[in-house]
Amino acid sequence: MQERVALITGSSRGIGRTVALTFARQGYKVVVNYHRNRDQAEQVMAEVNAAGSGGILVQADVSRPEEARELIEAGIKEFGRLDVLVNNAGINHDQLMLRIQDDEWERVIDTNLASAFYCSRAAVKHMLRKRFGRIISLSSVVGISGNAGQTHYAAAKSGLLGLTYSIAREYGSRGITANAVAPGYIESDMTAGLNEEQRRQILSAIAAGRLGKPEDVAAVVLFLASAEASYVNGQVIRVDGGMGPF
């Protein structure tokens, strides 16, 4: 297989970081993207380089269409191709709907949903010329079931599913697949702050009896990017340990 290139938005920490390192260890060139935290991003870039594949670090606020386009173009300019786009960038501000301010709504929608549209639109233009591409978006189980206190976040993550289905239908005949991954409760800074009672209630709803790890999500993303997944298109894969409903 020719050396391939993967771009992961929001890859300076969390699931995005693990996805970037997973691709690097499989021989991909990796475009690491960050918005504000350059120190963390540089650490990820060092780990990518240590994995032996190399890549580049690009600062961009992907919620802005021009910066999203420039990010995609930076990867293509450096490596001459872009094979895999992982739409991972996201934020959340848990809040009951009546307390969500207009600017909070816009910020969550723009960062979680609009960014994926802007990056996908820019990437598809190149992928069409190559007749090959993988677009993988990180949704969430709350985008499927909803969740109290996360109206804006759930709406954005649900929107990613419609975006995925539509891209799959529009470009599946051109060798481009679009799929989504919907993680459940994954070990993170957020779950580290759970108290014992909250953790107990969450674990009681998970058939696997444990929280997921970022590596659990990254493994599915890597599969969806592979040649073996060429006939997997327009799908949402839950990585939630069996939270249900099934």
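The values are calculated or read from the model by the stated rules, or taken from the named source; none is laboratory data. Quick caveat: nothing in here was measured; it's all calculated off a predicted structure. Note that we place each Cβ from the backbone using ideal geometry, even for glycine, and neighbour counts take in every protein chain shown. Just so you know, the surface numbers come from the protein's heavy atoms only, side chains and all, with ligands and any DNA or RNA stripped out. Shrake-Rupley method; radii C 1.70, N 1.55, O 1.52, S 1.80 Å.
Counting only residues that are more than 17 Å from Ala225 (Cα to Cα) and not polar (S, T, N, Q), the stretch 20-55 holds 17 of them. Would you please name the residue that is least open to solvent (accessible area, probe 1.4 Å), looking only at residues in the stretch 198-226 that are under 14 Å from Phe23 (Cα atoms) and out of contact with any strand residue (DSSP E or B) (no Cβ under 7 Å at 6 or more places or on another chain)? For the stretch 198-226, the residue satisfying everything is Ala218. Screening the candidates Ile76, Ile72, Ile15 for the property of being part of a helix (DSSP H, G or I) and farther than 27 Å from His152 by Cα yields one hit, Ile76. Just so you know, in the stretch 92-124 the residues that are at pLDDT below 95 and in a loop (DSSP other than H, G, I, E, B) include one that is nearest to the chain's Cα centre (by Cα), and it is Asn92.
Could you please find all residues in the stretch 134-151 being part of a helix (DSSP H, G or I) and crowded, with 23+ Cβ neighbours inside 10 Å? Answer for the stretch 134-151, where residues must be part of a helix (DSSP H, G or I) and crowded, with 23+ Cβ neighbours inside 10 Å: just Gly143.
Consider Gly172 carefully, then state whether it is over 18 Å from Leu71 (Cα atoms) and crowded, with 20+ Cβ neighbours inside 10 Å. Answer is no for this residue.
If I ask for residues that are under 10 Å from the mean Cα position of the chain (by Cα) and among the hydroxyl-bearing types (Ser, Thr, Tyr), which ones from the stretch 1-20 would you list? Answer for the stretch 1-20, where residues must be under 10 Å from the mean Cα position of the chain (by Cα) and among the hydroxyl-bearing types (Ser, Thr, Tyr): Thr9, Ser11. Exactly one residue out of Thr191, Thr151 is in contact with a Lys or Arg (Cβ under 9 Å, 6 or more places away or on another chain) and over 27 Å from Lys29 (Cα atoms), and it is Thr191. Using the structure shown, decide if Thr9 is under 21 Å from Lys130 (Cβ atoms) and not hydrophobic (A, V, I, L, M, F, W, C). Judged against the criteria, Thr9 is a match. Selection within the stretch 227-246: residues that are at positive phi and in contact (Cβ under 8 Å) with a residue 40 or more places away in the chain. The member of this set that is least open to solvent (accessible area, probe 1.4 Å) is Gly234.
Applying the condition of being among the β-branched types (Val, Ile, Thr) and over 18 Å from Arg121 (Cβ atoms) to the stretch 170-211 and asking which residue is modelled with the lowest pLDDT yields Thr191.
For the stretch 18-40, the set of residues classified as in a helix (DSSP H, G or I), open to solvent by 20 Å² or more (accessible area, probe 1.4 Å) and under 17 Å from Gly52 (Cβ atoms) consists of Thr22, Arg25, listed by residue number. Taking residues in the stretch 66-86 that are among the basic types (Lys, Arg), and partners anywhere that are buried (at least 18 other Cβ atoms within 10 Å of the Cβ) and not in a helix (DSSP H, G or I), the pairs with Cβ atoms closer than 8 Å and at least 6 places apart or on different chains are Arg81/Arg4; Arg81/Val5.
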